[in-house]
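No value in this document is a laboratory result; all are computed from the given coordinates. Fair warning: this is a prediction, and the values are worked out from it, not measured in the lab. Using ideal geometry, Cβ is built from the backbone for each residue, glycine included, and neighbour counts are taken over all protein chains shown.
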Amino acid sequence: MKSPTHLNALRAFEATARLGSFKAAADEIGVTPEAVGQLVRTLESYLDIQLFHRGRGGKRLTPTKEALEVLPSLSEAFRSLVSITDTLKGLSRSNVVTLSSSPSVMAKWLLQLLPSFLSENPELDVRLDMTDRVLDVSAGEADIAIRYGQEVSSAGLDVIELVRDEKLFPVCCPRLLEEHPEVTGLDGLLRQTLIRDATMKNPRYPGWSEWFEKAANTNGNGEKVNRKKVSNARLEAGHYLEVNASLAAIEMAKMSQGVALAREYLVRSEIANGSLVNLYPDCAISTSWNYYIVTRKDSGENVERFARWLKENLSQHL
């Protein structure tokens with residue numbers, strides 16, 4: 001039997017035609033709208049046929065006659081694939097629950113809590129998938145995912161909100177603060193190596209420039225003042241150390257390699273045990289990003305039990 005080609009592209013086309021936009025399709029599939037658009041264009045090139053009429057700017061999409069002709073059969077085919085996958089998952093190792101999260105969340109939150117869950121639920125096995133890639137929970141790539149973002153699409157999913165609006169603030173180790181007490185002032189801070197966590201690639205996610213803008217306009221109590229702003233030129237002239245791993249950014253700060261702009265819920269234990277110091281406790285910036293627990297609807301008793309346990313225990317931990 002001949003295997004189908006461009007299966008991912010066919011899925012992107014089907015979701016776009018059914019939902020009406022690249023963005024809606026991307027939310028359902030779990031990729032970016034740009035990726036969906038590229039898959040659709042690849043399929044059009046392969047088939048040598050136009051599948052959508054594009055409005056001004058390419059944002060308004062209307063399926064062509066040819067696309068509408070095959071859409072019902074294609075949608076039914078993907079529903080059959082999902083049904084078969086669900087059946088196979090139910091027949092195989094239904095006592096295994098796959099939990100996906102970023103390496104930083106796994107290390108800082110989950111690893112210390114999981115032994116308790118396994119002790120309370122000896123009949124269940126847990127498989128951990130530590131990745132910064134957003135796995136498609138609706139397609140069964142994971143049973144439970146801890147997501148971080150401004151919002152999470154709830155199409156076909158159960159979404160539990162853990163915490164809202166994580167804050168960012170500068171942290172360093174006690175030794176650096178002792179050797180460079182001037183770091184508590186903006187001029188002194190700019191003379192230090194500023195550690196950037198490059199895992200957050202979204203352009204709307206704040207960074208050092210947004211933090212300096214707030215710090216220059218508020219005093220220690222968050223009240224407005226007429227303090228001289230830090231110019232963009234001075235920020236660009238600063239010394240930065242960029243790393244694409246949140247855990248590495250935290251460890252570098254602990255090793256006195258610079259000052260990190262840290263995520264609130266990833267450094268709580270270090271602040272509590274004194275291995276890191278919050279240099280500006282009254283000058284944190286809002287990210288407007290939240291943490292969520294995501295599962296498929298009707299995912300089964302074991303997954304639902306684990307999700308409830310995570311919600312209860314993580315809420316106490318955070």
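Remarks
- Global dimensions of the range 72-196 from alpha-carbon coordinates: Rg and Dmax equal 21.6, 69 Å.
- Electrostatic bookkeeping for Glu76 treats Lys and Arg as +1 and Asp and Glu as -1; over the other residues with beta carbon under 12 Å from its beta carbon, the sum is +1.
- Mean separation of Cα pairs under 8 Å and 6 or more residues apart, divided by the residue count, gives the range 7-90 a relative contact order of 26 percent.
- Of the peptides 112-121, 253-262, the ranking by mean beta-carbon count within 10 Å, highest at the top, reads 253-262, 112-121.
- For the chain: Kirkwood Rh in Å [reciprocal of mean 1/r, alpha carbons]: 22.6 Å
- Under the convention that each Lys and Arg Cβ holds +1 and each Asp and Glu Cβ holds -1, the size of the dipole of the chain around its Cα centre is about 820 debye.
- Across all directions, the average projected area of the convex hull around the alpha carbons of the range 99-161 is 4.8 nm².
- Taken over the range 7-90, the alpha-carbon convex hull comes to 89 cubic angstrom per residue.
- In this structure the amide hydrogen of Thr131, modeled in the peptide plane, comes within under 5 Å of the amide hydrogens of Ser101, Ser102, none closer than 5 places in sequence on its chain.
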